[in-house]
Amino acid sequence: MTSSSPISPGISWYDETAGERPEYPSLDGDRRADVVIVGGGFTGLSAAAHLAKTGVDVALVEAHRVGDGASGRNGGQLGTGQRAWAEELEAELGFTRAKALFDLAEEAKAHLLDFAAVNHIDIDYLPGQMSVAHKKRHVKSYEAHAAIMRERFGYEHITFMDAGETAERLGSPVYFGGVRDTGTGHIHPMKLAIGTARVATGAGAHLFEKTRATGISSAGGKVRVTTEEGTITADKALIAVNAYGGNLEPVSAAHVMPIGSFIGATVPLGQDSPVLPGFEAVDDSRFVVRYFRRLKDGRFLFGGREIYSTAEPAGIKNAIRRQIAEIYPALKDIEITHAWGGYVGITMPRRPFVREVMPNVISAGGYSGHGVMLSNFTGKLYAEMVAGNRDRLKLLEELKIPPFPGGKALRAPLLFLALNWYALRDRI
């Protein structure tokens, strides 16, 4: 993470419950490495762990502390497939590529859970996720989606829910139907970030916190990452800053934009609460998605207030409480013990941005709210590429990701206008 002021006020529930969080030193002088990684989130940490396990000398720099960006502050939902539904990808890319991308995401899901189990990382996994329609006109597409996933993509875990079943499983009648996915779930993301960092350092990776990358260049077959504490020279580099790149590298900045997402956690609701009695996660059909879930201790975690700039909004708790009350009126006065925010990286088509932005330098990000499993797996795929197998990473590299319009000066204002237009449409 490289942006100078990316973190909004508020200590997250994740921070307080993650357990021991090791600190890593700052870079102290120049050094050499086989691979240098900029960014201590899921992508960078996963890449560092997998590279180090194969004997690669890897150095990672993080402007703050590992996990301080979106990786340690997100909604914790894994999801299934890519950000877009598989049938939407098929309509654009054809069945073969859509199926390959879906299979890649399924492997990413399995890899995340296996990685945590093998390395004894307790990620507080809870099974189940529901995607629900906030408008009646969306219900038919959810019903069709469940059938398509089963019949064309061989995924048997998604079933359609009518309005009655949706109300029973959510404990709220405000949604009109949806799908239930028993093949995925939700996690404690900060525990995963901390655990992955431990795996990386245990395998020999060198992690440097509070070391902001100030520049990156590639010339003469070498890559140089400069910081105020020293320069790292390497054969290859991975830029894994996602929404926090600032102006570090212009190609990434043109294709990956930050949007703010804000989350609150309540006091425990009690085991007899009608709210999400199955402790499943939920996301809805709004463009400005509302996402919520029950945590292992019974708390209710809710995210849904987004901004489309790097300004920090006031009154996070009150705004979140109002949105909770729209779905669960009985919780209109619920105590919110923690409220926090951060920034996620999005792309124009809401698909990952993976590209060689200069010789021997690959940038990866723009997971568009679907990054918990995709970012971790992209780090693994990068390590595969360094080892000589680029085939699977190429599935992501070949995705067509246009830059945001407007150039450097107008890009953020145009995004603000466009996405707020979509947010208005959510209410129509």
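Where a number appears in this text, it was derived from the coordinates with a stated rule and is not lab data. Computed from a prediction, not measured in an experiment: that's the story for all the values here. With ideal geometry, Cβ positions are generated from the backbone for all residues, glycine too; neighbour counts draw on all protein chains shown.
If Lys and Arg each add +1 and Asp and Glu each add -1, what is the summed charge of the other residues whose beta carbon sits under 9 Å from the beta carbon of Gly230? Local charge sum for Gly230: -3.
Among beta bridges from DSSP that stay inside the chain, the antiparallel ones total about 70%.
Taking every alpha-carbon pair under 8 Å whose residues sit at least 6 apart, the chain reaches a relative contact order of 24 percent. Summarising the label geometry, the points placed 7 Å from Cα in the beta-carbon direction at Arg152 and Asp34 lie 4.2 nm from one another. Couplings 3J(HN,Hα) of region 14-21, computed from phi: 4, 4, 6, 10, 7, x, 4, 10 Hz, in residue order, whole Hz [Karplus 6.51 cos²θ - 1.76 cosθ + 1.60, θ = phi - 60°; x for Gly and Pro]. The calculated FRET efficiency for the pair Ala144 and Asn389, based on their C-beta separation and a Förster distance of 30 Å, comes to about 0.25.
Here the Karplus curve 6.51 cos²θ - 1.76 cosθ + 1.60, taken at θ = phi - 60°, turns the phi angles of region 395-401 into couplings of 4, 7, 4, 7, 5, 7, 10 Hz, with x standing for Gly and Pro. Residues whose amide H falls under 5 Å from that of Ala281, counting only those 5 or more places apart or on a different chain, are Gln129, Met130, with hydrogens built in the peptide plane. Sorting the segments 185-194, 75-84 by their mean number of nearby beta carbons within 10 angstrom, highest to lowest, gives 185-194, 75-84. Computed 3J(HN,Hα) for region 88-105, one whole-Hz value per residue from the Karplus formula 6.51 cos²θ - 1.76 cosθ + 1.60 where θ = phi - 60°, is 5, 5, 4, 4, 9, 10, x, 5, 4, 6, 4, 5, 5, 5, 5, 4, 4, 5, glycine and proline marked x. Here the spin labels are modelled as points 7 Å beyond Cα on the Cα-Cβ line, and at Ala117 and Asp162 they lie 3.7 nm apart. Counted by Cβ distance under 10 Å from Thr211, the other residues give a net charge of -3, where Lys and Arg count +1 and Asp and Glu count -1. Ranked by the mean number of other Cβ atoms within 10 Å per residue, highest first, peptides 106-118, 261-273, 54-66, 368-380 order as 368-380, 54-66, 261-273, 106-118. For the chain, the mean residue ellipticity at 222 nm estimated from helices alone is -10500 deg cm²/dmol, where every DSSP H run of n ≥ 4 contributes -39500 (n - 2.57) and the total is divided by all residues, rounded to the nearest 500.
Under 5 Å from the amide H of Asp57 lie the amide H atoms of Asp34, Val35, each residue being 5 or more positions distant or on a separate chain, with H modelled from the backbone and absent for Pro and chain starts. The Cβ shell under 10 Å around Phe176 holds other residues with a net charge of +2, Lys and Arg each +1, Asp and Glu each -1.
When peptides 195-206, 237-248 are ranked by their average number of other Cβ atoms within 10 Å per residue, the highest-first order is 237-248, 195-206.
Taken along the Cα-to-beta-carbon direction at a fixed 7 Å, the label points for Asn360 and Ala325 span 5.9 nm.
Annotation: amide H-H contacts under 5 Å for Trp85 (H modelled 1.01 Å from N, sequence separation of 5 or more, or interchain): none.
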